[in-house]
Each structure stands twice: as structure tokens, then as C-alpha cells.
Amino acid sequence: MNRASVLVVEDNDLERQITADTLREEGFVVETAEMGKQAMEQLALARFDVVLTDLMMPGMSGGELLAKVRGGYPASQVIVLTAHGTIDNAVEAMKNGAFHYLTKPTDRETLVMTVAKAAELASLQQENQLLKRRLEGKLEIEGIIGQDAAVLDVIRLIRKVAPSNSTVLVQGESGTGKEVVARAIHRLSPRAARPFVAINCSAIPDNLIENELFGHERGAFTGATERKIGLFESADKSTLFLDEIADLGPGLQAKLLRVLQEREIRRVGGNESFRVDVRLVAATNRNLASEVEQGNFREDLYYRVNVVTILLPPLRERRGDIPLLAHHALAKFGHLADGRVKEIGREAMAVLLDYSWPGNVRQLESAIERAILLCEGDTITPRDLPNEVLSRKTPGKGNGKRNSDKFEIPAEGINFEKFERDLILQAMERADWVIAKAAKMLGMSYRTLQYRLDKFGLKRGGGDEQSES
């Protein structure tokens, strides 16, 4: 049954009622208006797929209504109704954007068929508008969550390169989402209908990875009892993702270079080469240019791989996205507690924001997954978080206990001026703004602390003078 919405605009009560009843009987959702002004009021309150309007009406004419609908509600299709004597006006309305015109009296079949076609076009245009908004949206690439400027640059770059066949290099620390980016490029490309193929080059020994990539012929080596198709063949007319490409040995780098140059492969033990149509996306957590300088990666292969580079920022450089990512992970893993855990408490969120996240987004998701499993109520609290997050320690560095005698500089570095100011402010607050007490806490003289207070413009309450006793 058709559920498209139709607004019937007709000043003749009988004709308006008959038209509305006919369309309702065919399953359309119908509203009516006597004049153009009433129609515009209804359009302001609800969306209509089709506006069916009489051309000759008192007040606002059908032509004027057409112009307003086309200007304000372009996804709504307008059909004009006209008498035989005003067909020229109906043709003019078509030129001004009407979907079609019908002459009175209109037979039932023609009316229903025309409205249905107009509704179908309206639906397609609305879908196109929705797709366009999604493509232009900031958070609309699946799996890529963030509002930070660097993340938005990544999203824009993905959209630009995805429709092409160009090789893409994705660089970023472990856990930043390199494979998510690769999958997004594939999903937005003309190759999306074919399966995405991925391999982690660091997870397979050198003596096996060639066989994985290129396949082998029967009898190529002991145990090769039948032909095997490699990943390059499997990814024909699709996308192949080589994760941690910097871990490939020199021999495989040379073979990969040949594939990118010639677009041909040869199975292990084979004598013939054959062409493949593969879009390559490579990734590494190393600086590939530095690997070239150190002689660990072929320079010619680097330039073949590095056609377009996408740099993924570490999570510590986009802390503003931590709440978004944390709540996304909460929704993702909420089923582990049967939906019982509803939110992340304020104190727990403060801890998440204060941690440097050396494992990036992957580590954050793991922390939220763990918290959901351990949470006893409906709100995640600090005690549900991993110890390394609570202690602000990087795993493997120290025993997780605080050491008041040693300050560890975080991986992202610090702003020393801000650090000094915050430390002085904390000491003054603890000393109730008594300079002598705060100076003793900080291990400096009264005069030195006074100088620094003046330097940073620190005063109690933002304006009161400090006590000198």
C-alpha cells in the first residue's frame, strides 16, 4: 500500500473531497487545503511528497503556490489541475517546475498513476538529499568518530581519494584506526561491491607471506598439492589492505614494486604473469620516510605507495574527542551487560580525559569494555577503569604506584609555563593563599614565589591580594 503524503489544494469543496477520498482509498496519506495560504501553513508544519493544486484559485493562484513550493520545499513534487480552457497556463506551470498537469475532470486511474509517479520521484530526491547531507556531515563515515579539526581533515581526504584508483598510505600510531580508514576508502569507492581484503604483514613470517600474497602453483614446493589463489588475485577489482607494510623484507618489497609498476603478478612456482586490477591501501605505524633514510625501505617503492598519505592523529592530540569515543564504545559494548550500564559518570570521564592513551582509540575502547563488565550499577565509576588509566601510567613503565619524587613527562610533552602556573596555583590553594606556606611546599623562597605570582598574575579569587603571614 502506498504511504506517500499528498496535500490536495482545491477551492471547490466537492472536487476537493472526491480527489482526497480517491487517493486515500489507494493508500495515500492525504491532507486538504481550500486556498494557497492554507496550503503554505500546512507545508510549514509537515512534509508532503506531492502537492496537488488547482491552477485557478482566489487569492494565491496555483502558479504562485507552485513558485513558493519549489523555492521552499524542493523535494515536494507539484501537480497542477486545470480546466480545458487553461491548458496554456498548465504548460507554463510545467516550465516553472511542476511535475505534471491534469485536466478536469480527471479519471481515477490517471490521477492515481500520476500522483504515484510524482511521489516516487519525491522519495528519490529526498534520499539523494539525505545522502548528500551524510557525505557532507562531520561524523558520517562509519567507524570514524570525532570533531577535532585533524579528524575532519582525514574524513575530507577519504572522500576525495575514495572514488579514484590511487594508492593510499595511512600512517599513524597503533590503535589510531588505520584499518577503519582503509575500509572506509573501500566502502566509498566504486569497488565497494567486491570483498575488502586485508593482511597484517607483521603477523606472518617472511617465508610464508609471499605465498599469501601471490599464491602458488601445484608442485611449487613440498606439500603444494594444488594451486592456491593469493590475496592479490582475491582482491582483483577490489581493495587490498597491507597493514604494517614497513615490516616487509627486501625481497617482498621488490616483488610488490613490480606489481605496482606492471599491474601483473606471478604465482610462486609459476612461469606466466597475469594482470590484476587491485587498489592498494597500505598502512604503517612507523615514519616511512625515515625508514627510507635508514635503508630499511626501498625509496622507489615508497614513492609508489605514497601517492596520497593520510596521517591519523594520536588520541592524546585530540582529547576533545574522548567523550564522543567513550560514549560510542559504551553503545558498542552495552550488550555485554544487557544494556544495564547507561552512562559514564563525571568522575570517570575526568579520569579518561586526564590519561594520555598510548594505545589510542583501541585502548580506550578496551577500557570501556572492561568497565562495562565490572560495573555494578548503571553508571561507570573510576573504580571500574583499568589500573593504568587510574594511575595515569603507561603499561610496562613502573609498577603502577605513584612516585611523588619522580615526575614522568607524558608522551605528548608539556607546556612548561602552564605546568608551572598550575603547580603554583595548586600550592597556593592548599596553603589557603598564605605565600610563606606555599613557598615551603614548593621548596622556594618567599621572594621567588612572590615574583612568580606577579609573573602569572595569580591572585586569590582573581582579584584579592594574598596574605603575607
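Would you pick out the residues in the range 201-220 that are at pLDDT 85 or above, under 20 Å from residue 257 (Cβ atoms) and of a type in the set (D, E, K, R)?
The answer is 210, 212.
Taking the range 159-189 as the search range and keeping residues that are in a helix (DSSP H, G or I) and not basic (Lys, Arg), which one is nearest to residue 239 (Cα to Cα)?
So, considering only residues that are in a helix (DSSP H, G or I) and not basic (Lys, Arg), the one nearest to residue 239 (Cα to Cα) is 186.
What pairs can you find where one residue is in the range 240-258 and under 25 Å from residue 175 (Cα atoms) and among the small types (Gly, Ala, Ser), the other is assigned to a helix (DSSP H, G or I) and open to solvent by 10 Å² or more (accessible area, probe 1.4 Å), and their Cβ atoms are less than 6 Å apart, with a gap of 6+ or different chains?
Final answer for the pair search is 246/291; 249/206.
Restricting to helices (runs of 4 or more DSSP H) lying wholly in the range 385-469: which have 3 or more residues that are within 21 Å of residue 353 (Cα to Cα) and either out of contact with any strand residue (DSSP E or B) (no Cβ under 7 Å at 6 or more places or on another chain) or modelled with pLDDT under 80 (or both)?
So the answer is 387-390, 416-430.
Per-residue answers, yes or no, for (1) closer than 16 Å to residue 267 by Cβ; (2) surrounded by fewer than 17 Cβ atoms within 10 Å (Cβ to Cβ); (3) of a type outside the set (A, V, I, L, M, F, W, C); (4) more than 28 Å from the chain's Cα centre (by Cα):
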site	(1), (2), (3), (4)
178	no, no, yes, no
185	no, no, no, no
191	no, no, yes, no
198	no, no, no, no
202	no, yes, yes, no
215	yes, no, yes, yes
220	yes, yes, no, yes
227	yes, yes, yes, yes
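Please specify each residue of the range 270-323 satisfying the condition of being among the small types (Gly, Ala, Ser), modelled with pLDDT under 90 and in a loop (DSSP other than H, G, I, E, B).
Listed by number, the residues that qualify are 270, 273.
Show the residue pairs meeting these rules: Cβ distance below 6 Å; 6+ apart or different chains; first residue within the range 171-189 and without any contact (Cβ under 8 Å) to a residue 40 or more places away in the chain; second residue surrounded by fewer than 20 Cβ atoms within 10 Å (Cβ to Cβ).
180/143
Among the numbered criteria (1) hydrophobic (A, V, I, L, M, F, W, C); (2) under 21 Å from residue 143 (Cα atoms); (3) touching a helix residue (DSSP H, G or I) at 6+ places or on another chain (Cβ under 8 Å), which one does residue 213 miss?
Of the numbered conditions (1) hydrophobic (A, V, I, L, M, F, W, C); (2) under 21 Å from residue 143 (Cα atoms); (3) touching a helix residue (DSSP H, G or I) at 6+ places or on another chain (Cβ under 8 Å), the odd one out for residue 213 is (2).
The values are calculated or read from the model by the stated rules, or taken from the named source; none is laboratory data. This one's a predicted model, so the numbers in the text were calculated from it and none came from an experiment. In this analysis, Cβ positions are derived from the backbone assuming ideal geometry, glycine residues included, and neighbour counts consider all displayed protein chains. Keep in mind that these areas ignore ligands, DNA and RNA; they rest on the heavy atoms of the full protein, side chains included. Shrake-Rupley method; radii C 1.70, N 1.55, O 1.52, S 1.80 Å.
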